[in-house]
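Encoded as structure tokens, the structure appears first; notes follow it.
The values are calculated or read from the model by the stated rules, or taken from the named source; none is laboratory data. All of these numbers come straight from a predicted model, not from anything done at the bench. Methodologically, a virtual Cβ is constructed for each residue, glycine included, from the backbone with ideal geometry; neighbour enumeration extends over all protein chains shown.
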Amino acid sequence: MTAIEVRGLHKTYGDRKVVDGVSFDVGEGEIFGILGPNGAGKTTTVECVGGLRTPDEGRVRVCGYDPGTQRAEVTRVLGVQLQESELQPKLTVREALDLYASFYERPAARHELAERLGLLPQLRTRFGKLSGGQKQRLFIALALIGNPKVVVLDELTTGLDPRARREAWELVESIRDSGVTVLLVTHFMEEAQRLCDRIAVLDRGRVAALDTPEGLIGRSAAAKEISFAAGTPLDPAELRALPGAAAVTTKDHRTVVSGTEETVAAFVSLLARRGVTAGQLRVTDATLDDAYLDLTGAEIR
Ligand SMILES: Nc1ncnc2c1ncn2[C@@H]1O[C@H](COP(=O)(O)OP(=O)(O)OP(=O)(O)O)[C@@H](O)[C@H]1O
């Protein structure tokens, strides 16, 4: 079943079109990523999904409900953690959980939720005294307190140290394992590659690509990199002529040929034909970073 449906979404601020015909479907139980450079329209898109912004045009459904006209139903099925959320600094973790639980008819068991998110030792700690990782865990708890079927997490791990980020990833996986569909906005390739079943890459308000992480990497112009010791007697012009070869460079005593699976196969038969052994030969896959740069031309953080 489709958990989120977005069709032909448009949103303009003044004369600036920030969402320009975005469409995607998120299946039940998926972790679906939205990736893109600053200002690509990611937050605006998920705010439209959450009913926090009204699109100029387009159709949005969350578990079949329209966030524009069926607010109560959408609130029942959707939990949202927004970028740069804040709470009153004096509010304790317990008070925040109690307050948010009071918004729902059948909230999750608060103690269990706090335990699951590792927040039991902080129940009496004021929001202003929590670390970045603890704040994010609290925001996840608040997004989950209404027992949602779908949760939106916007830049969940920005500002977290590597350990806290990894803990947050494990949490996202455990949320999915508990049957909740996750819509995740992220800037981090490693995060998207590790967590997402599928990713929509947004660029200037449009979906530049929508695929699995592996599918996006496979689309990269240089999906494979062959590197070997520069002393290997092979003619660079011959390497450049290999089928699918995108570039040949020599750096730090290594020659690097980037290309496709076909390039790798042709390279191996070239070695055999020449009777040459390539020293320190390595073949590596492109990463999501490479695919992302190809798709958006944007720098990654
Ligand atoms: N309420 C608003 N009024 C006017 N412009 C806005 C408003 N909200 C966002 N924008 C602009 O719309 C563009 C898209 O913003 P949005 O926050 O959706 O992008 P984003 O992809 O989430 O970016 P980031 O990665 O920086 O968070 C940005 O240029 C932003 O400055």
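Counting only helices (runs of 4 or more DSSP H) that fall entirely inside region 177-268 and contain at least 1 residues that are within 16 Å of the ligand (Cβ to nearest atom), the qualifying elements are 189-195. Taking region 2-32 as the range and being of a type in the set (A, V, I, L, M) and away from the ligand (no atom under 16 Å from the Cβ) as the test, the residues that pass are 3, 4, 26, 31. Residues being touching a Lys or Arg at 6+ places or on another chain (Cβ under 6 Å) and at pLDDT 95 or above: count how many of those fall in region 25-36. Residues that pass the stated criteria total 3. Selection of helices (runs of 4 or more DSSP H) fully inside region 37-116 by the criterion of at least 3 residues being modelled with pLDDT of 90 or more and within 16 Å of the ligand (Cβ to nearest atom) returns 42-49.
Could you look through region 247-263, keep only residues that are of a type outside the set (Ser, Thr, Tyr) and more than 30 Å from the chain's Cα centre (by Cα), and pick out the one that is surrounded by the most Cβ atoms within 10 Å (Cβ to Cβ)?
Across region 247-263, the extreme among qualifying residues is 248.
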